[in-house]
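Working notes for the structure below.
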Amino acid sequence: MEIKVQLNNLRIAPRKTRQLIDVVRNKNVAEARALLEFTTKRAADPVLKLLNSAVASAVNDLKLQESNLYISKITADEGPKMKRSFPMSRGRAYPILKRSSHIVLVLSELKPTAAKELKPVKTETEVIKGTKLAAKPKKETKKREVKVKKK
């Protein structure tokens with residue numbers, strides 16, 4: 001079952017909103033809430049409100065369990081632009097575009113078989129081992145024996 005909610009005309013540029021959205025994509029609801037609550041981006045509050053609204057409608061209307069929900073799709077599309085101008089010397093004016101976003105959030109329910117297939121959360125050491133920061137083990141070099149031909 002999928003629950004689709006959307007927020008229109010958010011007065012934050014879509015590029016800035018996408019930075020936040022990429023963090024919570026494909027996370028379960030509890031993880032996404034925790035990330036959004038402690039993120040300092042300005043778009044975090046509206047996205048958190050949207051997520052809470054989607055979860056509430058899923059729980060109340062469709063009788064789904066909150067622990068089985070995850071964010072399957074979330075996008076930030078461009079909304080209408082407000083056009084303003086910045087006055088300069090000698091009668092010139094430079095255009096200013098105040099951009100807005102449309103956010104679409106889709107919650108899906110984990111199936112019981114899919115819940116088993118999910119990987120457990122990695123520890124910090126496992127995450128570091130998977131990155132370039134981890135120290136690579138040194139390869140053992142074999143000593144080559146050089147055979148000298150005697151004349």
Quiz item: Does residue 34 satisfy being over 16 Å from residue 3 (Cα atoms) and in contact with a helix residue (DSSP H, G or I) (Cβ under 7 Å, 6 or more places away or on another chain)?
Solution: no
Self-check item: the stretch 14-45, residues that are outside any helix (DSSP H, G or I) and buried (at least 19 other Cβ atoms within 10 Å of the Cβ)
Solution: 43
Quiz item: Do we find a residue being part of a helix (DSSP H, G or I), in contact with a strand residue (DSSP E or B) (Cβ under 7 Å, 6 or more places away or on another chain), of a type outside the set (D, E, K, R) and modelled with pLDDT of 95 or more anywhere in the stretch 59-70?
Solution: no
Exercise. Could you tell me which residue of the stretch 81-108 is farthest from residue 6 (Cα to Cα), considering only residues that are of a type in the set (Ser, Thr, Tyr) and either in a strand (DSSP E or B) or touching a His at 6+ places or on another chain (Cβ under 6 Å) (or both)?
Key: 94
Quiz prompt | the stretch 46-78 - residue that is surrounded by 18 or more Cβ atoms within 10 Å (Cβ to Cβ) and small (Gly, Ala, Ser) and, of those, farthest from residue 21 (Cα to Cα) | solution = 58
Exercise. Could you figure out which of (1) outside any loop (DSSP other than H, G, I, E, B); (2) of a type in the set (A, V, I, L, M, F, W, C); (3) at pLDDT 75 or above isn't true of residue 127?
Key: (3)
Quiz item: Residues 81, 98, 119: which one is among the charged types (D, E, K, R) and at pLDDT below 95?
Solution: 119
Quiz item: Is it true that some residue in the stretch 84-91 is touching a Ser or Thr at 6+ places or on another chain (Cβ under 8 Å) and within 18 Å of residue 13 (Cβ to Cβ)?
Solution: no
Practice problem: Name every residue in the stretch 14-40 that is within 25 Å of residue 65 (Cβ to Cβ) and basic (Lys, Arg), in order of residue number. | Solution: 25, 27, 33
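The values are calculated or read from the model by the stated rules, or taken from the named source; none is laboratory data. Not measured: the values here are computed from a predicted model. Quick reminder, even Gly has a Cβ in these numbers, built from the backbone with ideal geometry, and neighbours come from all protein chains shown.
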